[in-house]
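> The structure is given below, and queries will be raised subsequently.
The values are calculated or read from the model by the stated rules, or taken from the named source; none is laboratory data. Since we're looking at a predicted model, the values are computed, not measured. Note that each Cβ is placed from the backbone with ideal geometry, even for glycine, and that neighbours are counted across all protein chains shown. When the accessible area is computed, the model is the full protein with side chains, heavy atoms only, and any ligands, DNA or RNA have been set aside. Shrake-Rupley method; radii C 1.70, N 1.55, O 1.52, S 1.80 Å.
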Amino acid sequence: MVSPAISTVSPSLNLFQEISRLKREMNAVILAHYYQEPDIQDIADYMGDSLGLARQAADTSADVIVFCGVHFMAETAKILNPTKQVLLPDLEAGCSLAEGCPEDQFAAFCQQHPDHIVISYINCTAGVKALSDIICTSSNAVAIVNQIPKDKPIIFGPDKNLGRYVMQQTGRDMLLWPGACIVHEMFSEKKLVQLKMQYPEAEVIAHPECEEPVLKHADFIASTTGLLRYTQRSDNRTFIVVTEAGIIHQMEKASPHKKFIPAPPDNQCACNECPFMRLNTLEKVYLCMKNRSPEIVMDEAIRLKALAPIQKMLEMSLLTVA
Ligand code: 13P
Ligand code: SF4
């Protein structure tokens with residue numbers, strides 16, 4: 001069914017021009033994650049991984065932030081910018097990790113282990129951030145855990161796959177919340193092995209949200225920005241990309257002479273596209289700017305509690321993560 005809001009956009013409208021006009025009029029900045037559809041990536045002022053986007057949101061002088069990503073990302077921008085208007089093209093753009101970690105259950109889990117420091121992946125709600133001591137992203141999780149005193153026990157949530165990867169990299173034992181990303185857990189080890197046999201020259205690059213059997217085939221593991229940079233500096237010309245397929249748009253733009261093969265999911269669906277990220281469309285970006293809605297609104301007490309662990313993350317990764 002076509003939503004009433006979408007049907008109000010005339011097909012003759014040049015959305016690229018209209019968005020650019022609104023951006024000037026509103027003094028807005030468009031921040032976009034690599035998993036957005038290519039048209040949205042092409043109108044963004046800044047593209048980044050979760051850490052890059054949080055840093056950009058913390059530094060912007062714009063009055064309005066149009067966040068082309070998912071809810072927890074726009075919420076993080078609002079936590080950092082209470083006086084700015086933060087727009088999200090589709091408020092339904094959630095995340096399986098955030099949804100799989102309800103605040104009350106996470107609070108009970110933390111209460112059972114009061115001596116533990118709580119490190120939460122940024123892919124969680126503001127309520128869960130408010131219960132955490134430090135936030136991390138996939139690009140700084142290892143660096144942050146390495147800064148925690150060795151005798152301090154750690155709770156890590158909500159991604160068990162990233163948590164397990166961090167445990168391997170740091171040699172630390174951590175209590176993991178059992179959440180997972182529905183996109184990264186869908187990659188098939190069997191199909192990946194078949195693809196490697198088909199392209200023996202290819203390097204396998206993967207996101208740490210993937211499950212262990214898939215990650216063990218990876219030549220390089222990093223956040224989305226880390227993977228993109230790797231494809232630019234590697235001498236290799238063919239890559240099997242084991243993360244959401246949207247990032248291939250930037251990889252191809254940066255290295256047009258290289259070949260990027262999306263890793264296949266477990267079944268016939270387009271499960272290597274995040275259904276939440278892909279709710280945003282160019283039409284919805286235009287409409288949210290025109291209507292100044294949907295907007296992120298937040299309870300001030302929660303915002304202040306969630307701000308402290310985000311600031312801690314930004315401080316702890318200032319010198320260690322580019
Ligand atoms: P990064 O962009 O931090 O690598 O995270 C990937 C992701 O799944 C975001 O939802
Ligand atoms: Fe969440 Fe996974 Fe989608 Fe990222 S790709 S927003 S972790 S469901």
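> Just to verify a number: what accessible area does M298 come out at with the full protein assembly present, 1.4 Å probe, Å² rounded to tens?
Near enough 50 Å² of accessible area.
> Additional query: Hey, what number do you get for the chain at 222 nm if only DSSP H runs of n ≥ 4 count, each worth -39500 (n - 2.57), divided across all residues, to the nearest 500?
Estimated from H runs of four or more residues: -11500 deg cm²/dmol.
> Under a 1.4 angstrom probe, counting protein chains only, how are E92, E209 ranked by accessible area, largest first?
Greatest to least solvent exposure: E92, E209.
> Carbon-plus-sulfur fraction of the accessible area of the chain, 1.4 Å probe, in percent?
Within the chain, the accessible surface is 52 percent carbon and sulfur.
> In Å, what Rg and Dmax follow from the Cα atoms of the stretch 210-322?
Cα only, the stretch 210-322: 18.4, 51 Å (Rg, Dmax).
> About the Cα centre of the chain, how large is the charge dipole given +1 on each Lys and Arg Cβ and -1 on each Asp and Glu Cβ? Please answer in debye to the nearest 20.
With only Lys, Arg, Asp and Glu charged at Cβ, the dipole is about 560 debye.
> If you don't mind, there's one more thing I want to ask. Please report the accessible area of D104 (heavy atoms, 1.4 Å probe, ligands and nucleic acids excluded) in Å², nearest 10.
Per-residue accessible area (D104): approximately 110 Å².
> Starting from a Cα-only point model with no solvent, please compute log10 I(q)/I(0) by Debye for the chain at q = 0.10, 0.15 1/Å.
The computed values of log10 I(q)/I(0) come out as -0.57, -1.26.
> Straight-line reach from K152: which aspartates and glutamates have a Cα under 15 Å away, not including same-chain ones fewer than 8 places off?
D115, D133, D173
> Mean Kyte-Doolittle of at least -0.5 and a Cα length of 18 Å or more along the axis: which whole DSSP H helices of the chain meet both?
Those that clear 18 Å and a mean of -0.5 are 300-316.
> When ligands, DNA and RNA are left out and all protein chains stay put, how many square angstrom of accessible area per residue does the stretch 104-207 have with a 1.4 Å probe?
Per-residue value: 41 Å².
> Counting only protein chains, not ligands or nucleic acids, how are L282, L319 ordered by accessible area (probe 1.4 Å), most first?
The most accessible residue leads, giving L319, L282.
> Might you report the magnitude of the Cβ-based charge dipole of the stretch 27-134 about its Cα centre, with Lys and Arg at +1 and Asp and Glu at -1, to the nearest 20 debye?
Once rounded to the nearest 20, the dipole reads 300 debye.
> Output the pairs from K129/K160; K78/K129; K160/K216; K84/K290; K190/K258 with a Cα-Cα distance over 19 Å in this structure; if there are none, say none.
From the list (K129/K160; K78/K129; K160/K216; K84/K290; K190/K258), the Cα-Cα distance tops 19 Å for K190/K258.
> Name the aspartates and glutamates eligible as straight-distance cross-link partners of K284: C-alpha to C-alpha under 16 Å, and not fewer than 8 places from it in the same chain.
List returned: E18, E37, D39, D42, D90, E92, E295.
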